Amino acid sequence: MIVFEGIAVTVGLILVLSHLVERLRAPPGVLLGVAAGLGFGISDVAVKALSGDLESGPAGLLSPWSVIIVTAAVFSFYASARSLQIGDGVAVIAVTSVAANLSTIIAGLAVFGDRLGDSAVVIAVRLVSFSLILVGTALIPAPVRAGAALKG
């Protein structure tokens with residue numbers, strides 16, 4: 001669990017500092033939006049970890065997970081706000097939500113041992129469905145291309 005959180009924090013910090021690297025060319029705010037999404041994912045994963053500690057009652061709230069939850073949520077909020085100030089709202093919101101959802105899905109599978117289903121058929125259907133969502137998302141034209149297509 002700590003390894004997953006550490007990797008996510010490291011990747012997030014790299015993304016936050018990526019504007020310092022000349023070779024990384026991304027639209028303004030997008031990489032910061034990804035970092036914010038990873039931070040939200042870290043907070044969500046820590047909430048799930050903390051929920052296992054709450055079996056001992058309210059004393060379970062006095063956990064290192066509580067510090068991670070609050071810290072990740074606050075930093076992610078500010079990173080998200082800044083990414084929306086400097087970047088295109090649609091692009092930033094999209095990458096932020098994808099990063100948050102993807103990190104929590106991966107954590108569920110890798111850290112908590114959540115299952116995709118009880119049978120091979122259910123697992124296959126869910127994987128195909130998820131793949132179709134990704135393909136459909138990739139086929140949606142970006143606002144710039146859609147606007148150009150309407151003019152042309």
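The values are calculated or read from the model by the stated rules, or taken from the named source; none is laboratory data. Worth saying up front: this structure is predicted, and the values here are computed from it rather than measured. All Cβ positions, glycine included, derive from the backbone under ideal geometry; neighbour counts span all protein chains shown.
Taking the range 53-73 as the region of interest, how many residues are within 22 Å of the chain's Cα centre (by Cα) and farther than 17 Å from Gly6 by Cα? Count: 0.
Restrict the check to the range 69-81 and report whether at least one residue is more than 18 Å from Gly33 (Cα to Cα) and in the same structural domain as Gly29 (by TED's automatic domain parsing). Taking every residue of the range 69-81 in turn, at least one turns out to be more than 18 Å from Gly33 (Cα to Cα) and in the same structural domain as Gly29 (by TED's automatic domain parsing). When Trp65 is tested against (1) closer than 26 Å to Ile133 by Cβ; (2) modelled with pLDDT under 90; (3) of a type in the set (Phe, Trp, Tyr), exactly one condition is not met: (1). Selection of first residues in the range 98-116 that are assigned to a helix (DSSP H, G or I) and of second residues that are surrounded by fewer than 14 Cβ atoms within 10 Å (Cβ to Cβ) and among the acidic types (Asp, Glu), restricted to Cβ pairs under 8 Å at least 6 apart or on distinct chains, gives the following pairs, ordered by first then second residue: Gly108/Asp114.
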